[in-house]
1. So which chymotrypsin sites (Phe, Trp or Tyr not before Pro) in segment 126-170 are both in a DSSP loop and have at most 14 other Cβ atoms within 10 Å of their Cβ?
2. Could you work out the local net charge near Ile139, counting Lys and Arg as +1, Asp and Glu as -1, over the other residues with Cβ closer than 14 Å to its Cβ?
3. Using the structure shown, select from Lys85/Lys113; Lys85/Lys136; Lys54/Lys136; Lys54/Lys74; Lys54/Lys143 the pairs with a Cα to Cα distance greater than 25 angstrom.
4. With axes computed from alpha carbons, what is the tilt in degrees of helix 13-34 against the longest principal axis of the chain, rounded to the nearest 10 within 0 to 90?
5. Per residue, how much accessible area does segment 43-134 have with a 1.4 Å probe, in Å²?
6. Give the average over all directions of the projected area of the C-alpha convex hull of the chain, one decimal, in nm².
7. If we count every other residue with Cβ under 11 angstrom of Thr123's Cβ, Lys/Arg +1 and Asp/Glu -1, where does the sum land?
8. Determine the sum of side-chain charges near Pro61: Lys and Arg each +1, Asp and Glu each -1, restricted to other residues whose C-beta is under 10 angstrom from that of Pro61.
Amino acid sequence: MSGQAKPSLHIDSYERNWIIVTVVLLVVFATAVSVAGFMMGINVPAPQNRVDPKTVNKEGPFANPGLRDLGGGKYEAYVLAQMWKFTPNTLSVPVGSSVTFYITSIDVQHGFKLANLSTGEATNLNVQVVPGQVSKLTIKLDKTGTYQYICTEYCGASHPAMFGTLEVTP
Ligand code: CUA
């Protein structure tokens with residue numbers, strides 16, 4: 001094999017340009033995800049925990065769903081979804097509270113989306129509620145008013161009537 005020319009790495013200019021475009025796009029996407037996650041507080045809802053939908057409402061925190069006041073303006077809200085209601089279907093916290101929702105379903109898939117009825121604004125709290133897992137999301141409530149949490153996944157005949165109310169009081 002002696003005497004053979006040293007192989008040179010030739011990249012076609014089209015291929016090189018597309019490699020550059022691809023790398024630039026990856027950097028743009030990674031930057032966008034980082035800005036959304038770390039600077040704007042937009043988080044992908046993560047399953048918090050696996051549970052048995054048949055027993056989740058009989059023991060543990062979901063046996064007694066509702067608000068827990070952790071002090072310092074922090075709350076936890078345990079919410080059970082089932083055809084066709086949320087338990088509890090009314091909640092109330094003072095303005096400025098940070099509420100961490102833990103939501104699960106005891107039957108079929110539901111959704112949980114929080115919107116401010118007073119202003120018509122949606123919040124960024126919008127999560128699927130799947131039997132067998134606990135969805136966890138935290139929201140800081142800086143505006144007083146009446147909020148509504150509604151089911152966003154079709155879950156049967158009375159799906160449109162599946163909602164609850166959250167009052168954010170002065
Ligand atoms: Cu529950 Cu739709």
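The values are calculated or read from the model by the stated rules, or taken from the named source; none is laboratory data. Values in this document were obtained by computation on a predicted structure and should not be read as measured data. Cβ sites come from the backbone with ideal geometry, for glycine too, and all protein chains shown count toward neighbours. Ligands, DNA and RNA are stripped out before the accessible areas are found, and what is left, the full protein with its side chains, is counted by its heavy atoms. Shrake-Rupley method; radii C 1.70, N 1.55, O 1.52, S 1.80 Å.
1. Counting only loop positions with at most 14 other Cβ atoms within 10 Å, the chymotrypsin sites (Phe, Trp or Tyr not before Pro) in segment 126-170 are Tyr154.
2. Residues close to Ile139 contribute a combined charge of +2.
3. Long pairs (Cα-Cα over 25 Å): Lys54/Lys74; Lys54/Lys143.
4. Taking Cα atoms only, the helix is inclined about 20 degrees.
5. Accessible surface, normalised per residue, equals 50 Å².
6. Mean orientational projected area (the chain, Cα hull): 17.6 nm².
7. So the environment of Thr123 carries a net charge of +1.
8. Once all neighbours under 10 Å are counted, the net charge is -1.
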